[in-house]
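Taking it in order: structure first as structure tokens, then the write-up.
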Amino acid sequence: MTTTPFTTIEHHVDFCVVGGGMAGLTAAVLAARHGARVVLVHDRPVLGGNASSEIRIHICGADRHGGLPNLRETGLLEDLRLENLRRNPNRIYSEWDLLLHETAALTPGLTVLYNCTCQAAEMDGARIASITGWQLTTQTYHTIHATLFADCSGDGVLAPLTGADFRVGREGRAEYGESIAPEIADRHTMGMTCLFQTREYDTPQPYIPPAWIHHYTDDDLPNRGESHQYFGMGYWWVELGGNGDSIADTEALRDELLKTALGVWDHIKNGGDHGAENWALEWLQFLPGKRESRRFLGDHVLCQPDVAAEGRFPDLVAYGGWSMDDHNTAGFYAARLGAPPTIFHACPSPFGIPYRALYSRNIDNLYFAGRNASCTHAAMSSTRVMGTGMSMGMAVGTAAAIAVRDGLTPRAVGEGRLDELQQTLLHDDAYLPWVPLRFIPAVLDATLTASAGDPSPVRDGINRPVGDDPHAWSWAPGDWVAYTFAAPTAVREVTLLLDSALDTEITLSLHYYPKPSQLALPAVLARALRLEGLVDGQWTPLAAITDNVRRHVRIPVNATVTGLRATLDATNGADRSRVYGFYFI
């Protein structure tokens, strides 16, 4: 007879998200914000996954390290980036962890189970009835019964537990018509990496290598010499595991990656003059950062031809734009084969991602977002980056809330609530290329005026620059923009979409030398502004914001007025700024 002294806690919620990386955190927060009761099951002590202090990968997306302007992912990610700039100018990763923890903790309706590993699932036909996880810190089992589930775990842990269709490895070239795919399908993947971080001191810092690490010469690291100048951040090309099993081999690969990373550092310190005399190790990554493992199969599998055609799907709900960055499966040893560590295949930015790639084709209540979404290996080499994963996460969380509210399956949301899903995402400041935000008739019927210039772009529904069109009205401190109505109008809430310098890079990163834009709030961001309502012919104060840190500003009003006026009082230093949207509901 088997007994267990451990307690099981039962949770009954609307939506359960497995995996608290950036995609899973986003899905959980958005679903809870839209009224769902949510449990987020995360197997680590900190949120953020590859972006956390445990791994420290910068959040990339369609803007490609700032190389492509005005494509940065807005919504929750933009809020986090801006708040991190305000609080964390020294780029301390524990501060970033704290911000993510706080974001989840302060979201009503969201419960996070940290240090909780998903171990089992109970099925009811083609539906998941519950999952169970083991929380190491409390020695407690947690069973979560939910209407809907999302797997944002990266490794797709719910696939083997539920029977959800999935794929591992690379498709053959002819299967989806992918020119960058191998001729014959295989189970090879991109590998994983352990980074290191170093600090410069005023005096020489010797490095005594452990006896068990690997040792390298310049000949072992061909075409890497030019990268030695960036040794403060570690190296993404210290990568292994692509030709093995990216899940089962993780522990062994971690040990080999430590030997490899420290061997590279030993070479930099002791294998010649690389300008590292005064540098010393400050941090070493012990949890490998993964790029690829399982990928779920949805009603649509995003592939290279879809990406090349810009993904102009009717059910577009997210977007990408990172190049198809297909790492050599040999990883670190690709150099010995005379091959580059990765090939950045051409890719349009942006390209759309369809809703049908975010839910399972054979499990009726399962969503997914992030690198395990329904993509071929080739397409996933772009969509795997975290900015794109958060774009998917916004769509999944929002769709789940709609599905719970109306008693729908994920597939039925796409069939009957797609327009609502897209418009809700846009109202939350997600960006959906080629899909404009629509306004209630009262916004379009109102008379729109401004202190100077033509303010019409603030209600054109395109809330960022696209090409040469700024889709914005420019204002300076003291300028105002106003709506007036033919009759008293009930206004519940006003939204302003402000200038947060989408044309610059503000990514948190310890792996690239920071640009000035990564150390302080954008100078163009409105810092202080006022909202007034026209009541009985007089402009009456409704709200005053003196320390704004957001692009997407929502102001509760709950009043009946015959006009609304927003006035800029101050920026963070720039002479002028922009307004991309000004509307009300």
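Throughout, read-outs are computed from the coordinates displayed, never taken from laboratory work. A quick note: this is a predicted structure, and the numbers were derived from the prediction, not measured. With ideal geometry, Cβ positions are generated from the backbone for all residues, glycine too; neighbour counts draw on all protein chains shown.
What the table below lists for this structure:
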read-out: Extension reserve of the Ile184-Ala309 stretch, reckoned as 0.36 nm per residue once the Cα distance is removed; value: 42.6 nm
read-out: Residue order, fewest to most beta carbons within 10 Å, for Thr217, Thr567; value: Thr217, Thr567
read-out: Cα-projected label distance for Asn270 with Asp406, points at 7 Å along beta-carbon direction, nm; value: 6.5
read-out: Relative contact order (%) - criterion: Cα under 8 Å, at least six apart; region: the chain; value: 17
read-out: Alpha carbon centroid spacing (whole Å) that separates segment 423-442 from segment 356-407; value: 20
read-out: Reach of Lys290 by Cα under 25 Å, taken over lysines that are not fewer than 8 positions away in the same chain; value: Lys259
read-out: Footprinting exposure proxy for Arg578, Arg312 (fewest neighbouring C-beta atoms within 10 Å first); value: Arg312, Arg578
read-out: Ranking of Tyr359, Tyr580, Tyr207 by count of other Cβ atoms within 10 Å, fewest first; value: Tyr207, Tyr580, Tyr359
read-out: Alpha-carbon Debye profile of segment 199-290, log10 I(q)/I(0) at 0.20 Å⁻¹; value: -1.01
read-out: Percentage relative contact order, segment 199-290, counting C-alpha pairs under 8 Å, at least six apart; value: 53
read-out: Cut-off under 5 Å, modelled amide H: who pairs with Gly563 long-range; value: Phe485, Leu534
read-out: Cα-based helix-to-principal-axis angle, 93-105 vs the chain, degrees rounded to 10; value: 50
read-out: Alpha-carbon spread of segment 441-584, three principal axes, descending order, Å; value: 56, 31, 24
read-out: With Cα atoms, 0 to 90° folded angle of helix 22-33 axis to the chain main axis; value: 30
read-out: Set of segment 85-116 residues, backbone N closer than 15 Å to the point 7 Å along the Cα-Cβ line of Phe6; value: 114-116
read-out: P(r) weight above 21 Å for segment 73-197, C-alpha pairs, percent; value: 64
read-out: Top positive-direction residue, dipole computed over segment 126-223 with Cβ charges, set Ser153, Gly172, Pro204; value: Ser153
read-out: Tilt relative to the chain, helix 76-87 - C-alpha long axis, 0 to 90 degrees, to 10; value: 80
read-out: Cβ charges +1 (Lys, Arg) and -1 (Asp, Glu), total dipole of segment 441-584, debye; value: 340
read-out: Segment 150-162 - phi-based ³J(HN,Hα) in whole Hz, Karplus 6.51/-1.76/1.60, Gly and Pro as x; value: 9, 9, 10, 7, x, 7, x, 4, 6, 4, x, 7, 10
read-out: Summed side-chain charge close to Val494 - residues other than Val494 whose Cβ falls under 11 Å, Lys, Arg +1, Asp, Glu -1; value: +1
read-out: For the chain, calculated [θ]222 nm from helices alone, where every DSSP H run of n ≥ 4 adds -39500 (n - 2.57); value: -6000 deg cm²/dmol
read-out: Contact order normalised by residue count of segment 61-205, Cα under 8 Å, 6+ apart, percent; value: 10
read-out: The chain - charge dipole about Cα centre, Lys and Arg +1 at Cβ, Asp and Glu -1, debye rounded to 20; value: 740
read-out: Cα centroid separation - segment 532-572 against segment 143-159, whole Å; value: 42
read-out: Set of segment 541-585 residues, backbone N closer than 18 Å to the point 7 Å along the Cα-Cβ line of Val535; value: 541-545, 555-567, 585
read-out: Cα centroid of segment 241-269 to Cα centroid of segment 92-121, whole Å; value: 28
read-out: Alpha-carbon radius of gyration plus Dmax, which is the widest Cα pair, for segment 514-565 in Å; value: 15.1, 52
